[in-house]
Amino acid sequence: MAEPKEKKDIICVCTGTTKQKIIQLIENGATDIDKIASATGATTGCASCDVSIIELIDEHANVN
Ligand code: FES
């Protein structure tokens, strides 16, 4: 049974925020966790998605 792609890519289960959504926000300048939290609500529930979001920021933000 294949999971729908959307569901598989959810980073924050509390808010249903997908990996794609978070990457899109990072690429649009939301390069810290507070900006992502205010845009999506991610991390404002159980906060167990914190680490995953920080990793995505590290991977996708162009910090020079
Ligand atoms: S998984 Fe993101 S706040 Fe719970």
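Remarks
- Output for segment 33-64, where each listed residue is free of Cβ contacts under 8 Å to residues at least 12 places away in the same chain, charged (D, E, K, R) and within 14 Å of the ligand (Cβ to nearest atom): 34, 55
- Qualifying residue in segment 19-32 (condition: touching a residue at least 24 places away in the same chain (Cβ under 8 Å), assigned to a loop (DSSP other than H, G, I, E, B) and out of contact with any His (no Cβ under 6 Å at 6 or more places or on another chain)): yes
- Considering segment 48-64, and only residues there that are surrounded by 13 or more Cβ atoms within 10 Å (Cβ to Cβ) and over 9 Å from residue 12 (Cβ atoms), the residue that is modelled with the lowest pLDDT turns out to be 61.
- Qualifying positions in segment 1-25 - modelled with pLDDT of 95 or more and more than 16 Å from the ligand (Cβ to nearest atom): 24
- Scanning segment 6-26 for residues that are under 8 Å from the mean Cα position of the chain (by Cα) and loosely packed, with under 14 Cβ neighbours inside 10 Å yields a single hit, 20.
The values are calculated or read from the model by the stated rules, or taken from the named source; none is laboratory data. Not measured: the values here are computed from a predicted model. We place every Cβ from the backbone using ideal geometry, glycine too, and count neighbours over all the protein chains shown.
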